[in-house]
1. Could you check how many residues of segment 77-90 are open to solvent by less than 60 Å² (accessible area, probe 1.4 Å) and over 20 Å from residue 31 (Cβ atoms)?
2. Step by step: first the residues of segment 17-34, then only those that are open to solvent by 70 Å² or more (accessible area, probe 1.4 Å) and under 14 Å from residue 60 (Cβ atoms), then the one that is modelled with the lowest pLDDT. Which residue is that?
3. Of all strands (runs of 3 or more DSSP E) completely enclosed by segment 37-149, which ones contain at least 2 residues that are at pLDDT 55 or above and within 13 Å of the chain's Cα centre (by Cα)?
4. Does any residue in segment 60-79 that is over 16 Å from residue 50 (Cα atoms) come within less than 6 Å, Cβ to Cβ, of a residue that is not in a strand (DSSP E or B) and not hydrophobic (A, V, I, L, M, F, W, C) six or more places away or on a different chain, and which pairs are these?
5. Among the residues of segment 36-61, what is the count of those that are touching a Cys at 6+ places or on another chain (Cβ under 8 Å) and among the acidic types (Asp, Glu)?
6. Answer yes if at least one residue in segment 95-105 is closer than 21 Å to residue 35 by Cα and β-branched (Val, Ile, Thr), and no otherwise.
7. Across segment 40-76, what is the number of residues that are of a type outside the set (Gly, Ala, Ser), farther than 12 Å from residue 29 by Cα and surrounded by fewer than 22 Cβ atoms within 10 Å (Cβ to Cβ)?
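The values are calculated or read from the model by the stated rules, or taken from the named source; none is laboratory data. This structure is a prediction, so every number in the text was calculated from the model and none was measured. As a convention, Cβ positions derive from the backbone with ideal geometry for all residues, glycine included, and neighbour counts pool all protein chains shown. SASA here: full protein model, heavy atoms, side chains in, ligands and nucleic acids out. Shrake-Rupley method; radii C 1.70, N 1.55, O 1.52, S 1.80 Å.
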Amino acid sequence: MRLLVLATLFGVLQVRAGNALQIQCYQCEEMKHNDCSTPEYIVNCTVNVQDMCQKEVLVKHDGVHYRKSCASSAACLIASSGYQQFCTGRLNSVCISCCNTALCNGPKRKRPIPSVATPSVKTNLIFCLFLTFFSLAKAVTSHLLHTPL
């Protein structure tokens, strides 16, 4: 039963309306001084899976470090909200931001860009479906554990 619920959840998250969507993002690990915002760090994200760019800013004793990558909208939005309390700008601070336009996890532009992308209706729908199926899987598992064989 768990496998069925997980397979259904995976299938729903993979279904997208319209054409294949692909975004380009910068990708690097633990770079200092935002160095990875150059053409050699540009990657094509996985079509219809990784629909956002993610940027992590870590403040360490030796300076500011950056991690940049492609991400799925659900994973990125969950991570960014989960780390919000640690985003202080001080030592050991971790800030995670998500965005959904090409190369948006690069250097800041002159006009203001929100730190977390405003979710589209489709993103909100997928996130709600994810939470619904997660709750359903938890309820089914709980029921199965308490039902005599």
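1. 2
2. Out of the qualifying residues, it is 33.
3. 52-60, 63-71, 94-99
4. Going by the 6 Å Cβ cut-off, the qualifying pairs are 66/34.
5. 2
6. yes
7. 14
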